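Heads up: the structure comes next, in structure tokens.
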Amino acid sequence: MGFTGGEPFLYPEFMSAISKNAAKLGYKFDRIMTNAGWFKGQQDLEIALCQIINAGFNGTFCVSVDDFHEVPVAKIARFIVTAVKMTGRVAGISLVYVNSLYKITALARALSGKLSKRHRLVVPPSLDFPGLSAKITRINLCPIEQAGALAVPWGAHWFKEDYCQGPGQVLYVDPNGNVKPCCGFASDLPEMTIGNIYWQSAKEIIRKANSDRFIKAVYGQGLLALRDVYTRCHPTEKLRPTKDHCFFCWYLQKKGIRSCLGKK
């Protein structure tokens, strides 16, 4: 279980309450996505982190370092230093960025660290949290929610099959309570709704997901296997390659892949 937003730390008491109950139920924690710029001062930062940690949250703090938030690098560095100190875990921080690697480089300087060739932030023992290695991930934005009008996602090569291990590692809950089995762009489709938290239990929602032929095939066989199913179902249509598996998932569903799965 994790938190994203918006900025989750605008409501630390909400996260603390959820984390406390989740810890009692034996949930595993993923990460809290944050812009690391929400706190007014050091005391404000420490109080909020203390709430979350004491509630039982033992996941990671994933800092979004990009131009959208306009957070000073020095403030991001202060968040990282404080979070590592308070959790006592050098592996408790990860970073994501959108076309702003220069800010990651500036952050490394602010932490007296450096970027390795593998784009990892390496902090030397001179700091009081030696050995910190924060994983850095680049987010590639693409307007897939309007993919039907785009020619861009089609290309010369197919994506590498990963059984949706990236966007598929979550249960995504919409404001109306609808639950999706991923946070990819195709989750906007009503066909991807596997339940609603307002009137169904977690067990019922998982059971429905397991009974959905398409969703089960995506995680069990992969989208490239579904490509072959679709090709057999529509032998006159020649699919063009694409490197974007979220787009391809969207495309298959808009084209009625579920009816193909119903055929033997």
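The values are calculated or read from the model by the stated rules, or taken from the named source; none is laboratory data. Just so it is clear, the structure is predicted and the values come from calculations on it, not from any experiment. Here the Cβ is made from the backbone with ideal geometry for all residues, glycine too, and neighbour counts use every protein chain on show. Accessible surface is based on the protein model in full, side chains and every heavy atom, while ligands, DNA and RNA are left aside. Shrake-Rupley method; radii C 1.70, N 1.55, O 1.52, S 1.80 Å.
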For Ile93, distant residues with modelled amide H under 5 Å away: Phe61
In Hz, Karplus ³J(HN,Hα) per residue of the stretch 22-34 (6.51, -1.76, 1.60; θ = phi - 60°; x = Gly, Pro): 5, 5, 5, 7, x, 5, 8, 9, 9, 8, 10, 7, 8
19 Å Cα-Cα threshold exceeded, pairs from Lys135/Lys160; Lys20/Lys85; Lys160/Lys243: Lys135/Lys160; Lys20/Lys85
J(HN,Hα) series, the stretch 82-87, from Karplus relation 6.51 cos²θ - 1.76 cosθ + 1.60, nearest Hz, glycine and proline x: 5, 5, 5, 4, 6, 7
Counted charge near Gln221, where neighbours are those whose Cβ lies closer than 12 Å (Asp, Glu -1; Lys, Arg +1): +1
Probe 1.4 Å, all protein chains present, accessible-area order of His234, His157, His69, largest first: His157, His69, His234
Accessible-area order (highest first, 1.4 angstrom probe) of the listed residues Met1, Met33: Met1, Met33
The stretch 1-57 and the stretch 213-264: distance between their alpha carbon centers, rounded to Å: 38 Å
Area of Leu25 that stays accessible when all protein chains are in place (1.4 Å probe, Å², to 10): 130 Å²
The stretch 207-219 - phi-based ³J(HN,Hα) in whole Hz, Karplus 6.51/-1.76/1.60, Gly and Pro as x: 4, 5, 4, 5, 8, 7, 4, 5, 4, 4, 5, 4, 7
Cleavage-rule hits, GluC sites (Glu not before Pro), the stretch 144-241, DSSP coil, Cβ neighbours within 10 Å at most 16: Glu161, Glu237
Net +/- balance of residues flanking Gln200 in space, Cβ distance below 11 Å, scoring K and R +1, D and E -1: +2
Net charge contributed by nearby residues that have their C-beta within less than 15 Å of Ser19 (K/R +1, D/E -1): +2
Those aspartates and glutamates that a straight Cα-Cα span of less than 13 Å connects to Lys238, excepting residues fewer than 8 apart in one chain: Asp228
